[in-house]
Amino acid sequence: MSKLEIRNLTKKFAGLVAVNNVDLSFGGDEIIGIIGPNGAGKTTLINLVSGIFYPSSGQILIDGTDITTMPAHKRTRLGVGRTFQLIHPLEDLTTIENIMIGFIFSQDLSMKIAKEKAEMLCRSLDLDRWDRSVSQLNILEIKKMEIAQALATNPGVLLLDEVMAGLNSDELKELIGLIKKVAKEKKVAIGIVEHVMGVIKELADRVVVLENGAILADGSFQEVMKNPDVIAAYLGGGNYA
């Protein structure tokens, strides 16, 4: 099981402070929900951890190894996996071939072994008929494929960026159950950015609220939803507990 540590992390874009002195750690099979209004710095934080951006200051460690200035592909090999808000699968490949890429490039596996492992992963995620092209998948199947691609890199920490977007209530329920299963069975720590409070309530062991790039609150769902600062900044007086 892995542990991610973020220490005094700051990211500035010209005059804008997108992430402001963030301290955060989680690991094991913990699921944390990362919430906040638009522009709070949620995706920027994920981009910093995964190596899309480098921080202006601060540190990022995975299992005690400083990855702050490492390129993204090296972080992946050390156990940092992620999904993206905008999905860009390789549409000229089949579902299984899209997943195999993660095994081949992150673990240096042969095509044969990569296919065998990808098929096992598809079964564990209830992703059927993996020989289909991506264009034949429904939205839930695309989400499962995206998670499978990230899991193919063998992450100890998995960051999910609005993976629930576009799903109906039944699909949300299924994917919530699947993410819980992944965390427990594969011993993966998961950080999920999400706007649907019902999903966060059902899924997260702990909730972190960002506002203007800084952590406004960190605690259980019930604690965070009753926090007056969170209510004023994000929830608009609604009762979500």
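The values are calculated or read from the model by the stated rules, or taken from the named source; none is laboratory data. Given the structure is predicted, the values throughout are model-derived calculations rather than measurements. Ideal geometry is used to build each Cβ from the backbone, glycine not excepted, and the neighbour counts take in all protein chains shown. The accessibility values were calculated without ligands, DNA or RNA, using every heavy atom of the protein model including side chains. Shrake-Rupley method; radii C 1.70, N 1.55, O 1.52, S 1.80 Å.
A few comments on the model shown:
- Output for segment 79-114, where each listed residue is among the polar types (S, T, N, Q), open to solvent by 30 Å² or more (accessible area, probe 1.4 Å) and within 17 Å of Val163 (Cα to Cα): Gln85
- Count of segment 63-78 residues which are open to solvent by less than 10 Å² (accessible area, probe 1.4 Å) and closer than 20 Å to Ile147 by Cα: 1
- Check on Phe103, at pLDDT 90 or above, touching a Lys or Arg at 6+ places or on another chain (Cβ under 7 Å) and not in a strand (DSSP E or B): yes
- Screening Thr76 against (1) in contact with a strand residue (DSSP E or B) (Cβ under 9 Å, 6 or more places away or on another chain); (2) not in a helix (DSSP H, G or I); (3) not hydrophobic (A, V, I, L, M, F, W, C) leaves a single unmet condition, (2).
- The residues in segment 79-89 that are at negative phi, in a loop (DSSP other than H, G, I, E, B) and touching a residue at least 12 places away in the same chain (Cβ under 8 Å) can be counted, and the count is 5.
- Contact map, segment 164-188: first residue farther than 13 Å from Leu140 by Cα, second residue open to solvent by 50 Å² or more (accessible area, probe 1.4 Å), Cβ cut-off under 6 Å, separation 6 or more or different chains; pairs are Lys187/Met1.
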